[in-house]
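K.L.:
Take a look at this one; I'll ask things after.
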Amino acid sequence: MTTTGPEHNDSAGSGTPETPGPGPVFLGAQQAAGVIAAKHRGDFAGAEQLLKAMGAEHVQARGFCLLAELALSLVRTQTGQSMDEPVQELSLLIAETA
């Protein structure tokens, strides 16, 4: 990521290419997974609390983006598809439900 600005963190453990390792983005992905798990359990209030606990919208977006990338990588690995194939399938599914 080549973003700059006050919300960008290049400190140790920020999870950026310059400073790899666990950081806020990975915590955000774990929290995003918790939001989804809570919703699937029917705990909508808990999901909302977890979402709010993630903080700013850009933090939420980065967490959900990493979670999506990891989930798609898991699908790709298990199916032997290229990354483009599950992304295309997902895009079609989104278009059908919109």
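Just so it is clear, none of the values below were taken in a lab; they were calculated from the coordinates. What you see is a predicted model, and the numbers here were worked out from it, not measured in a lab. No Cβ is skipped: glycine too gets one built from the backbone with ideal geometry, and neighbour counts run over all protein chains shown.
K.L.:
Which of 58, 40 has the fewest other C-beta atoms within 10 Å, and how do the rest follow up to the most?
P.N.:
Fewest to most other Cβ atoms nearby, the residues stand as 40, 58.
K.L.:
Dipole of region 24-97, Cα-centred, from +1 at each Lys and Arg C-beta and -1 at each Asp and Glu C-beta, to the nearest 20 debye?
P.N.:
300 debye
K.L.:
Give me 87, 25 sorted ascending by neighbouring Cβ count inside 10 Å, so fewest comes first.
P.N.:
87, 25
K.L.:
Considering amide H positions built from the backbone, and no H for Pro or chain starts, which residues 5 or more places from residue 81, or on another chain, come under 5 Å of its amide H?
P.N.:
Correct list: empty.
K.L.:
For the residues 48, 57, what sequence is obtained by ranking on other C-beta atoms within 10 Å, fewest first?
P.N.:
Going from sparsest to densest Cβ surroundings: 57, 48.
K.L.:
With θ set to phi - 60°, apply the Karplus curve 6.51 cos²θ - 1.76 cosθ + 1.60 along region 59-68 and write out the HN-Hα couplings as whole Hz, x wherever there is a Gly or Pro.
P.N.:
5, 4, 4, 5, x, 5, 5, 5, 4, 4
K.L.:
Spin-label point model (7 Å from Cα, Cβ direction): what's the residue 30 to residue 53 distance in nm?
P.N.:
Computed distance between label sites residue 30 and residue 53 equals 1.1 nm.
K.L.:
Go through region 35-49 residue by residue and turn each phi into a ³J(HN,Hα) via Karplus (6.51, -1.76, 1.60, θ = phi - 60°); whole Hz please, and just put x for glycine and proline.
P.N.:
3J(HN,Hα) across region 35-49, in whole Hz: 4, 5, 4, 4, 4, 6, 7, x, 8, 5, 5, x, 4, 5, 5.
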